[in-house]
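Undergrad: Below is a structure I'd like to ask you about.
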Amino acid sequence: MAAGKEEAGGPGPGRAMARQPGRFEGYVDLATGYMHQNQLVKARASVERALSIEPSFAPAHETLGLILWRSGDPRGAVAAFKASVKADPRNAR
């Protein structure tokens with residue numbers, strides 16, 4: 001693996017987050033990228049990091065729901081989607 005690269009994902013996105021550990025939105029972006037690469041374990045770890053920093057961030061709960069759904073956990077996904085709507089009722093779609 002070349003320096004600054006992660007698997008087939010290009011430049012190491014985790015390195016940027018390491019420099020800004022309190023920026024919870026970035027962890028959600030990172031999770032979304034991992035999810036689109038079907039790296040669901042990394043995606044879940046990233047979104048859970050965001051939620052540990054800001055537990056009421058509705059988009060993080062929504063992203064967690066998508067990750068759980070793709071991971072085969074529909075009950076967990078529904079719980080995460082409900083948490084998203086509870087955190088921000090405008091997030092209901």
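What follows is calculated from the coordinates using simple rules that are stated; it is not laboratory data. Note that the structure is a prediction, hence the values are computed from the model and not measured. For neighbour counting, all protein chains shown are included, and Cβ atoms are generated from backbone atoms with ideal geometry for every residue, glycine included.
Undergrad: Which log10 I(q)/I(0) values does the stretch 41-80 give at q = 0.19, 0.22, 0.31, 0.35 Å⁻¹ under the Debye formula, counting every alpha carbon as one identical point scatterer?
TA: Evaluating at q = 0.19, 0.22, 0.31, 0.35 Å⁻¹ gives log10 I(q)/I(0) of -0.45, -0.59, -1.04, -1.17.
Undergrad: Here's something else I'd like to know. State, to one decimal in nm, how far the label point of Val41 lies from the label point of Asn91, with both points 7 Å from Cα in the Cβ direction.
TA: Using points 7 Å along Cα→Cβ, the separation is 2.6 nm.
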